[in-house]
Amino acid sequence: MAWTTANTELRALLNDGPTDKPRFRKTCLGILNGTNTSFKTFEPRRITDLSTASGSFGVFVNGAAVTVSSDAPEFGEFVLAAAPDNTDTLEASYYVQWFNDDELNSFLTSSAEWLGLIITINIEEGLRPAAKKYAAAEAYQKLAIRWSQLESAQFKMADSDPKNSPVNEYMNMADKFRKDATASRDEFYKRQGRSLQPLFGTVVGRFRRTTPNR
C-alpha cells in the first residue's frame, strides 16, 4: 500500500502541527517612539496572521488588543494601525511552525534514499518507522544549521548567548534520531531474515554468441 500520510506522520513526530507551538505574549522587536508602526516577532515562520487574529491571539499594547493593518507571517513583520509610545509594552500571541511541507518532503526523500529507494511513497510499512526517524534527524540537523546563525546578525541586537544556544540540543536530537532510525531499520531486516540493507538483484542468464553480419 502506498504511503500517502508520510508528511503528516513526520510532522506529528516533530510536534510541528499548526497548533503545537504557541507563543504567549512575547515581546516584539522594534522601536517604540510614538511614530514607528512596523514591528517584528522573534521567530521565523510564524503561521498566525496577526491582522486577522482574535481572542487570545494577536498584538497587545499594555495588555490591550490593538489593530494590525498588515502582516507578513513568513517573515514575521507586521504594521500597527497606531504607533505605541516609548513607555508602552508591545507583545504578541501566535503559533509558529519549524518546517513547511516542501522541507518535510525533502527530509522524507533523503530517508527513502538512505533506505535504497527512489521515492517515499514506495517505502513498505515495516520500514516506515525507520524512515520517519531518519527524516526527523535531517530536520533537527537543519534546525541546528538555522540556529547556528547568531540571532544578533539577523535582528541587529545583542541577544545571542552562546550558553543558551539550542544548536547543541538540536544536534543531539539529530544524532539520537539517526541512531534510532538505524536500529529500527536493522531490526526490520533481521525479523525478515534478510541482510541489513535493501535487496538488490541482477538477472543472470546465458546468451548465445552471435556472428555479426558482413
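The values are calculated or read from the model by the stated rules, or taken from the named source; none is laboratory data. Predicted model, so just to flag it, every value in this text is computed and none were measured. Quick reminder, even Gly has a Cβ in these numbers, built from the backbone with ideal geometry, and neighbours come from all protein chains shown.
Any residue at all in region 147-155 that's in contact with a Pro (Cβ under 8 Å, 6 or more places away or on another chain), within 30 Å of Thr37 (Cβ to Cβ) and modelled with pLDDT under 95? There is at least one residue in region 147-155 that is in contact with a Pro (Cβ under 8 Å, 6 or more places away or on another chain), within 30 Å of Thr37 (Cβ to Cβ) and modelled with pLDDT under 95. Within region 73-83, is even one residue touching a residue at least 60 places away in the same chain (Cβ under 8 Å), assigned to a strand (DSSP E or B) and β-branched (Val, Ile, Thr)? No: zero hits. Across region 156-201, the number of residues qualifying as surrounded by 15 or more Cβ atoms within 10 Å (Cβ to Cβ), closer than 30 Å to Cys28 by Cβ and at pLDDT 60 or above comes to 5. May I ask you to verify whether Phe39 is at pLDDT 95 or above and out of contact with any helix residue (DSSP H, G or I) (no Cβ under 8 Å at 6 or more places or on another chain)? Here the answer is yes, as Phe39 does meet what is asked. Can you tell me which of Ser51, Ser69 is surrounded by 12 or more Cβ atoms within 10 Å (Cβ to Cβ), among the hydroxyl-bearing types (Ser, Thr, Tyr) and not in a loop (DSSP other than H, G, I, E, B)? Going through Ser51, Ser69 in turn, just one is surrounded by 12 or more Cβ atoms within 10 Å (Cβ to Cβ), among the hydroxyl-bearing types (Ser, Thr, Tyr) and not in a loop (DSSP other than H, G, I, E, B): Ser69.
Val96: among the aliphatic types (A, V, I, L, M), in contact with a Lys or Arg (Cβ under 9 Å, 6 or more places away or on another chain) and surrounded by 19 or more Cβ atoms within 10 Å (Cβ to Cβ), yes or no?
Details: among the aliphatic types (A, V, I, L, M): yes; in contact with a Lys or Arg (Cβ under 9 Å, 6 or more places away or on another chain): yes; surrounded by 19 or more Cβ atoms within 10 Å (Cβ to Cβ): yes.
So Val96 passes the test.
Here the condition is being assigned to a loop (DSSP other than H, G, I, E, B) and surrounded by fewer than 17 Cβ atoms within 10 Å (Cβ to Cβ); of Ile118, Ile145, it holds for Ile118 alone.
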